[in-house]
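The values are calculated or read from the model by the stated rules, or taken from the named source; none is laboratory data. Since this is a predicted model, take the numbers as computed values, not measurements. Note that we place each Cβ from the backbone using ideal geometry, even for glycine, and neighbour counts take in every protein chain shown.
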Amino acid sequence: MGATAYDIVKRNVPVLAPGSFTLQQAGQQSSRGVELAASAALSDSLRISGNIAKTEARFDDFTFLDFNTFSWVDYAGNVPILVPETSANLWASWDFAPDWTAHLGVQFVGKAWYDYANTAKRDSFTLVNAGIDWRLRESSTLSLRVTNLFDKSYAAYLYPEKGQVVLGAPRRFELQLTSKF
């Protein structure tokens, strides 16, 4: 089991200018939070691990010249785009036969903001991921992974000013061969 606390301050953070794809500098951003993680072997063949993180991120200094209204907008105190307050993961691995391991994971991503003014909110979402490993020999493993197992639709990003939504990744299968030399 482990615990981490952090207090990070970043100065001159590059951010996308609101409503465009150009970069500008935000004066300062701070992030404080804690993360707890634990792992346990429930038996010789079953392992479980998980973590949860709580984050408080804010712009301490971020003033932007809005060229549409020719006025300064102050975003100090607002949460940066797509930074969830809470995130968590839970994983289980089961060695169900010699040289075979199954994996199942649940990933939670908490609500977040899509805009610097913190007026457009992305809802939280939960994804389930799975996989199976076959150890071919001591130095090689063949893995099949499925991300977003239930093909859940969720908004990965929103362009509030354009009324557009970018959907998150659909179900994806990956086959990987790992060999050690």
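What the table shows:
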| quantity | calculated |
| --- | --- |
| A76 in contact with a strand residue (DSSP E or B) (Cβ under 9 Å, 6 or more places away or on another chain), loosely packed, with under 15 Cβ neighbours inside 10 Å, not in a strand (DSSP E or B) and not hydroxyl-bearing (S, T, Y) | yes |
| Hits in segment 92-101 - residues which are loosely packed, with under 15 Cβ neighbours inside 10 Å and either in a strand (DSSP E or B) or touching a Cys at 6+ places or on another chain (Cβ under 8 Å) (or both) | F96, A97, W100 |
| Segment 110-153, residues that are assigned to a strand (DSSP E or B) and either under 30 Å from D66 (Cβ atoms) or touching a Cys at 6+ places or on another chain (Cβ under 7 Å) (or both) | A112, W113, K121, R122 |
| Boolean, T69 is assigned to a loop (DSSP other than H, G, I, E, B) and free of Cβ contacts under 8 Å to residues at least 40 places away in the same chain | yes |
| Test for S30: is it in a strand (DSSP E or B), at pLDDT 95 or above and under 20 Å from H103 (Cα atoms) | no |
| Cross-chain or 6+ apart pairs with Cβ under 8 Å, segment 98-116 first and among the charged types (D, E, K, R), then in a strand (DSSP E or B) | D99/W134; D99/R135; D99/L136; K111/K121; K111/R122 |
| Residue, surrounded by the most Cβ atoms within 10 Å (Cβ to Cβ), within segment 118-140, restricted to residues that are within 30 Å of P98 (Cβ to Cβ) and acidic (D, E) | D133 |
| Of all residues making up segment 1-24, the number that are at pLDDT below 85 and either surrounded by fewer than 12 Cβ atoms within 10 Å (Cβ to Cβ) or within 30 Å of A41 (Cβ to Cβ) (or both) | 4 |
